[in-house]
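The values are calculated or read from the model by the stated rules, or taken from the named source; none is laboratory data. None of the values given here were measured: they were computed from a predicted structure. All Cβ positions, even for glycine, are placed from backbone atoms using ideal geometry, and neighbour counts span all protein chains on display. Accessible surface is based on the protein model in full, side chains and every heavy atom, while ligands, DNA and RNA are left aside. Shrake-Rupley method; radii C 1.70, N 1.55, O 1.52, S 1.80 Å.
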Amino acid sequence: METIFQEFSAYNGTLIKPYYWLYSNHNCVKCPYHIRTGEESRVTYGEFYEAFGFPYGPTMPENKQLLFYEIKAFNGAVIQKGQATNCTHSNLHAESMLFEKNGYLDAFLYQHYPVGYLTLYTNFTPCNEFGHCCISKMYDLIMRYPEMRLDIYFSQMYHVAEEFPTSFWNKEALKSLAGHSPRVTLNPLSDGVWKTVLYAFVREVPENTMYQPILPARASADSYNAHMIHFITGIKPYYVDTPPISQPQETKRFPEYTRDKINPIQQQNRFLQYYPMFAPRMPFIPASHGPKEVTSKPRQIVRHLNMPMEISEEMNLNNTVTNARKLNEVIVTEQVIKGNDKETKRNRRKKKADSVKKNKR
């Protein structure tokens, strides 16, 4: 196997120079050691936030790629953990250097064959753009080690939006890579996995961070990533542990990836207490396409009916006067009773007398 890297022992791990022509320069702070193993792979909490957008939501650092990896045996024991970064000076992606044929990772897997699991925790999904071919190199590696399982966890999508000319190739490559499921999985970083990464690869983590729930902006971005990777690959992520997001009552029926409203001033003050050098940037999460809110405001409906004249007149009278009575009938009855009372009595007496005379005859 041809060796294209150099190893240098450090105090807490190994520094790897992935290419012989890389050298220290001012344009790339990581050069020439873009691959680090052991405790050398740990980063500060501020650097982790800047790359992964934890805990305040996506930061989208286009020129900063940070990848952590774990190599495990079939029984789950960790054989090696490490870190890979991109080179801004030579425009090399982290996955392109790590998965290079005959590179460091290839040589390590060859020496420890067979290996059970390779797990990646990266701030961006791998691409397949010209000059990098990250996904193609991943594909070649898993073909050379058919017994190994590959699990990829990411915090942000890389160049899959329509405004990027390479979005089509990246999405097709992700779909092809996910087609090897269940041996290969693509999963967004979520609740429990965040704490695993913090524990294994980050130093100077605030004590209360491990016990606090994921903030709404970060949880919303994780849910959106799960929706997007499912939409692109057609395969639902295997390992998604997104905490419930508190939402107003009228928006609880919306999809889980809906963006939540956050208070940026409160987030900034809380973060600057620990790391004043890093000012948090506002997260950008594409708008969701959930159903529109349905209002319950009643509508006025007018119906026109053709009714008989008599019935319609009676209904109009009853609608205009409450408990209406037919006053003409009452008035006539009162006039008969009150005005002709004496005359009625005389007529009754006269009829009675006439009937008595007839009977006598």
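Summary table below
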{"quantity": "Cα-based shape type of region 8-51, given that a ≥ b ≥ c are square roots of the gyration tensor eigenvalues and the cut on a/c is 1.5", "calculated": "oblate"}
{"quantity": "Karplus-derived HN-Hα couplings along region 172-187 (A = 6.51, B = -1.76, C = 1.60, θ = phi - 60°), whole Hz, x at Gly and Pro", "calculated": "5, 5, 4, 5, 5, 5, 5, x, 8, 4, x, 5, 10, 10, 10, 9"}
{"quantity": "Heavy-atom accessible area order for TRP21, TRP169, TRP194, largest first, 1.4 Å probe", "calculated": "TRP169, TRP21, TRP194"}
{"quantity": "GLU2 accessible area, 1.4 Å probe, all protein chains in place, Å² to nearest 10", "calculated": "120"}
{"quantity": "Loop-located chymotrypsin sites (Phe, Trp or Tyr not before Pro) in region 67-139 whose Cβ has at most 12 other Cβ within 10 Å (DSSP)", "calculated": "PHE74, PHE130"}
{"quantity": "Region 149-218, relative contact order in percent, only Cα pairs under 8 angstrom and at least six apart counted", "calculated": "34"}
{"quantity": "Restricting region 160-215 to trypsin sites (Lys or Arg not before Pro) in coil, as DSSP defines it, with at most 15 other Cβ within 10 Å", "calculated": "ARG183"}
{"quantity": "For ARG149, distant residues with modelled amide H under 5 Å away", "calculated": "TYR117, LEU118"}
{"quantity": "Exposure rank, largest accessible area first [THR3, THR37, THR166; 1.4 Å]", "calculated": "THR3, THR166, THR37"}
